[in-house]
Amino acid sequence: MTDGSQTLSPAEETVDPGSLTRQDFEAWIDQDFIIPTDQMDPLALTLRAVVESPYNKGRPRAQGGEGYYLELSGPADRYFIQDTAPIRLPDGRVCPLFITNNGPRDGQMHYQIIFN
């Protein structure tokens, strides 16, 4: 896990969220995603799981039938509420993703990013 001391730069390579696959994220389980914050240090959130969406059953692949969501966790004493943020992926690229705070559990704050 990183210490969150990395900063985001506008010159960094960005990636379209639609180009990322479930397999990309599965390869990053237990790695950190860096979220910029209003405070000096960005927030490091660890990807805990990639879960198939229960709402895409029966939809053909061409209609987005591959929905999934990411479960992330981070420190309970610093947290991100909800917003679209330029998140630094474990491979160093930056991707705008909408992240939602799901509240504290087991001493950590939990988050979700949904891909429909």
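The values are calculated or read from the model by the stated rules, or taken from the named source; none is laboratory data. As the structure is a computational prediction, the values presented were derived from the model and not from experiment. Here the Cβ is made from the backbone with ideal geometry for all residues, glycine too, and neighbour counts use every protein chain on show. For the accessible areas, the whole protein counts, side chains as well, though only heavy atoms, and no ligand, DNA or RNA atoms are used. Shrake-Rupley method; radii C 1.70, N 1.55, O 1.52, S 1.80 Å.
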How about region 37-53: which of its residues are closer than 18 Å to residue 102 by Cα and not charged (D, E, K, R)?
37, 43, 44, 45, 46, 47, 49, 50, 51, 53
Selection over region 103-116 where residues are modelled with pLDDT under 95 and polar (S, T, N, Q) yields a count of 1
Here is a list: 11, 62, 27. Which entry is at pLDDT 95 or above, of a type in the set (A, V, I, L, M) and open to solvent by 60 Å² or more (accessible area, probe 1.4 Å)?
27
Looking only at region 69-99, count how many residues are part of a strand (DSSP E or B) and either touching a residue at least 40 places away in the same chain (Cβ under 8 Å) or surrounded by 16 or more Cβ atoms within 10 Å (Cβ to Cβ) (or both).
15
So how many residues does region 30-53 have that are modelled with pLDDT under 95, part of a loop (DSSP other than H, G, I, E, B) and exposed (fewer than 14 other Cβ atoms within 10 Å of the Cβ)?
3
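Tally time: how many residues in region 102-116 are in a strand (DSSP E or B) and open to solvent by 40 Å² or more (accessible area, probe 1.4 Å)?
6
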